Structure formats: C-alpha cells, structure tokens
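Student: Handing you a structure now.
Just so you know, all these numbers are worked out from the coordinates, no wet-lab data involved. On a predicted model such as this, the values are computed, not experimentally measured, just so you know. No Cβ is skipped: glycine too gets one built from the backbone with ideal geometry, and neighbour counts run over all protein chains shown.
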Amino acid sequence: MSILTTKEFEQKVQGWKIYSKGGINMSPYTRVPFDCGCGKTHKYNNIDSPPFMDNHSNGQMCLMVKECKYLNAVELRGKFNIDRMENLFSCKFEEKKKRYGFTLGDPKIDKEIDIWIAERWNLGG
C-alpha cells in the first residue's frame, strides 16, 4: 500500500468518475474488510466509509474513512464472492486545507466529498 500526497492521489484517480454520478452499488460489500492508510483494517459501510470516486470497469472505488480521516483507493477482490478490498493507495484527508488540498477542476473531488460530509458525517465529531 502506498501513502500518497493529496496531489498524487488526485492525479491517480483523475480518470475515475464522481460516485454521485452513478457509482457502483456498494450495498453488497457492507462489512467487507479493507486495509487503510492509517494502518488499521476497517470494514466498509456507507456511513463511516462512504465511496466518493468510482472506476467501475475495474471494480475500484475511493472510500473516505471517518474514524481516521484517510482517503483510500480500493479494489474488490474475490473469485465468486467479494471477501475483501485490496488497498491500492491512500492519502491523509486534509480537512483544514482549501478544497482539502485538491486542485483539479475536473473532477472536483472536494465537491463530492462535501456531499458525503453533509449527508453522512460531521468532521467535528
């Protein structure tokens, strides 16, 4: 697993699509474990680790983790049943920086993250 800067993370997911524009249905993957950039293993759920980017054709997505404030690019793994998500790369979520450290105009990753923060979790908590 690689820990990247926000800029490197953004460059690697540049061709992926914003999750709210029609991402993969993640409900079947609730409680599937993934290693996080923080060093812990978390279990996916739509409240504490919602997806914000999607590379559906490859079974890849980006998850943000409330507990440790890391952003993780993961890939679904398993032959017939998805039993884990492999961490491809991660970065620390820079909540204090303007646009969370993201700079690209397309995709606007920070705007997608804002949707999930408003709907799923409060950064102060």
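Student: For the stretch 100-107, take each phi angle, set θ = phi - 60°, evaluate the Karplus expression 6.51 cos²θ - 1.76 cosθ + 1.60, and give the result in whole Hz per residue in order, putting x for glycine and proline.
Tutor: My calculation for the stretch 100-107 gives 6, x, 7, 10, 5, x, 8, x Hz in order.
Student: Helix 109-120 versus the longest principal axis of the chain: what angle, 0 to 90°, nearest 10, using Cα atoms?
Tutor: With both axes taken from Cα atoms, the answer is about 70 degrees.
Student: Same structure again: Suppose we keep just the DSSP beta bridges with both residues in the chain; what percent of those would be antiparallel, to 5?
Tutor: Details: 23 of 26 bridges.
Counting only bridges with both partners in the chain, antiparallel ones make up about 90 percent.
Student: Which FRET efficiency, nearest 0.05, do residue 96 and residue 46 yield, Cβ-Cβ r, R0 41 Å?
Tutor: Working: r = 25 Å, r/R0 = 0.62.
The computed FRET efficiency comes out at 0.95.
Student: What are the semi-axes of the equivalent ellipsoid for the stretch 2-120, taken as the square roots of 5 times the Cα gyration tensor eigenvalues, largest first, in whole Å?
Tutor: Numbers: eigenvalues 86, 45, 38 Å².
Taking √(5λ) for each Cα gyration eigenvalue gives 21, 15, 14 Å.
Student: Using a 10 Å Cβ count of at most 14 others and DSSP loop calls, identify the longest part of the chain lacking such GluC sites (Glu not before Pro). It would help to have the intermediate numbers written out before the result.
Tutor: Numbers: sites that count: 67, 95.
Value returned for the longest uninterrupted segment is 1-66.
Student: Would you please give the residues with an amide H less than 5 Å from that of residue 45, counting only those at least 5 places away or on a separate chain, with H modeled from the backbone geometry?
Tutor: Hits under the 5 Å cutoff: 31.
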